[in-house]
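Right, one structure below, let's go through it.
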Amino acid sequence: MAESIEAAKELALACGFTQVGELDVDTIRVRTEVRDTCAQNKCRAYGKNWSCPPGCGTLEECEKRIRQYRRGLILQTTGKLEDSLDYEGMEQAAIDHSAHLEDLTKKIRDLYPGCLIIGAGACKRCETCTYPDAPCRFPDKMTFSMEALGMIVSDVCKDNQLPYYYGPNTLTYVGCVFLD
């Protein structure tokens with residue numbers, strides 16, 4: 001089993017993530033205050049898709065989804081910025097992270113067919129989400145965000161001995177894959 005987690009880590013790095021760490025699912029704390037922040041709709045995704053609240057389910061349902069797994073990987077893409085106002089660099093890091101996650105999603109299911117992919121931000125698989133009028137077109141390919149599931153991203157990293165901050169003029173996007 002240790003060989004397969006190492007193979008999964010190597011695969012994630014080959015897909016372009018800048019850092020990959022092991023994730024112990026028992027370290028994850030699902031927090032009400034994170035979902036309360038979602039409800040403030042600062043990202044403008046609340047109530048607009050199946051991967052964000054309330055479409056992704058109650059906090060209890062999200063925790064049940066998470067607790068089906070024991071371990072996984074934390075996936076990070078760190079972008080270098082010219083300065084703290086480099087919005088193009090921030091956007092490029094987000095695009096890169098999404099591309100790495102898409103590439104990994106296609107490949108990791110060969111090793112772990114039942115894995116759960118968690119991204120950064122709302123699922124963007126479809127140009128227009130069917131929420132709330134019809135079921136998700138691709139429920140097996142949807143990516144939830146860590147925050148939608150009630151996680152504080154920096155805590156998940158810290159609790160699994162992976163840095164979250166890589167210095168001035170950097171921005172790190174984080175996702176996870178829950179393996180088994």
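The values are calculated or read from the model by the stated rules, or taken from the named source; none is laboratory data. Everything numeric in this text was worked out from a predicted model, so none of it was measured. Cβ coordinates were reconstructed from backbone atoms using ideal geometry, including for glycine residues, and neighbour counts include every protein chain displayed.
Across segment 67-79, what is the total count of residues that are among the basic types (Lys, Arg) and surrounded by 13 or more Cβ atoms within 10 Å (Cβ to Cβ)?
To start, the set of residues in segment 67-79 that are among the basic types (Lys, Arg) comprises 67, 70-71.
Narrowing the set further to residues that are surrounded by 13 or more Cβ atoms within 10 Å (Cβ to Cβ) leaves 67, 71.
Residues meeting the conditions: 2.
So if I check each of LEU73, LEU81, which one is modelled with pLDDT of 95 or more, of a type outside the set (D, E, K, R) and in contact with a Pro (Cβ under 9 Å, 6 or more places away or on another chain)? Talk me through it step by step, then tell me what you get.
Working: LEU73 fails: in contact with a Pro (Cβ under 9 Å, 6 or more places away or on another chain).
None of the others qualify; the one that does is LEU81.
For the subset of segment 136-163 comprising residues that are assigned to a loop (DSSP other than H, G, I, E, B) and without any contact (Cβ under 8 Å) to a residue 24 or more places away in the chain, which member is surrounded by the fewest Cβ atoms within 10 Å (Cβ to Cβ)? First the steps, then the outcome.
At the first step, the residues of segment 136-163 found to be assigned to a loop (DSSP other than H, G, I, E, B) are 136-143, 146-152, 160-163.
From the residues that got through so far, the ones that are without any contact (Cβ under 8 Å) to a residue 24 or more places away in the chain too are 137-138, 140.
Working: ARG137: 12, PHE138: 11, ASP140: 9.
The qualifying residue surrounded by the fewest Cβ atoms within 10 Å (Cβ to Cβ) is ASP140.
Filter segment 15-63 down to the residues that are within 17 Å of LEU162 (Cβ to Cβ) and of a type in the set (Asp, Glu), then identify the one that is surrounded by the most Cβ atoms within 10 Å (Cβ to Cβ).
Filtering segment 15-63 for residues that are within 17 Å of LEU162 (Cβ to Cβ) and of a type in the set (Asp, Glu), the one surrounded by the most Cβ atoms within 10 Å (Cβ to Cβ) comes out as GLU22.
Here's a check for you: in segment 100-111, which residue that is closer than 16 Å to THR143 by Cα and touching a helix residue (DSSP H, G or I) at 6+ places or on another chain (Cβ under 9 Å) is surrounded by the most Cβ atoms within 10 Å (Cβ to Cβ)? Working first, answer last.
Here is the first cut: in segment 100-111, the residues closer than 16 Å to THR143 by Cα are 100-109.
Those still in the list that are touching a helix residue (DSSP H, G or I) at 6+ places or on another chain (Cβ under 9 Å) too: 100, 103-104, 107-108.
Numbers: HIS100: 22, ASP103: 16, LEU104: 25, LYS107: 13, ILE108: 21.
Taking the candidates together, the pick is LEU104.
Would you check which residues across segment 106-119 are over 15 Å from VAL20 (Cα atoms) and either touching a strand residue (DSSP E or B) at 6+ places or on another chain (Cβ under 8 Å) or not small (Gly, Ala, Ser) (or both) and list them?
If the condition is that a residue be over 15 Å from VAL20 (Cα atoms) and either touching a strand residue (DSSP E or B) at 6+ places or on another chain (Cβ under 8 Å) or not small (Gly, Ala, Ser) (or both), then LYS106, LYS107, ARG109, ASP110, LEU111, TYR112, PRO113, CYS115, LEU116 are the ones that fit.
Within segment 80-99, restricting attention to residues that are outside any helix (DSSP H, G or I) and touching a Ser or Thr at 6+ places or on another chain (Cβ under 7 Å), which residue is surrounded by the most Cβ atoms within 10 Å (Cβ to Cβ)? Steps first, answer last, please.
Of all residues in segment 80-99, those outside any helix (DSSP H, G or I) come to 80-86.
In the following step, the residues that additionally are touching a Ser or Thr at 6+ places or on another chain (Cβ under 7 Å) were identified as 80-81.
Working: LYS80: 14, LEU81: 17.
Restricting to residues being outside any helix (DSSP H, G or I) and touching a Ser or Thr at 6+ places or on another chain (Cβ under 7 Å), the top hit is LEU81.
Mind checking which residues of segment 32-47 are more than 16 Å from the chain's Cα centre (by Cα) and assigned to a loop (DSSP other than H, G, I, E, B)?
From segment 32-47, those more than 16 Å from the chain's Cα centre (by Cα) are 32-33, 36-37, 39-42, 44, 46-47; that's our starting set.
Passing the criteria: GLN40, ASN41, LYS42, ARG44, TYR46, GLY47.
Among (1) touching a residue at least 40 places away in the same chain (Cβ under 8 Å); (2) farther than 30 Å from ALA134 by Cβ, which single condition is TYR112 missing?
(2)
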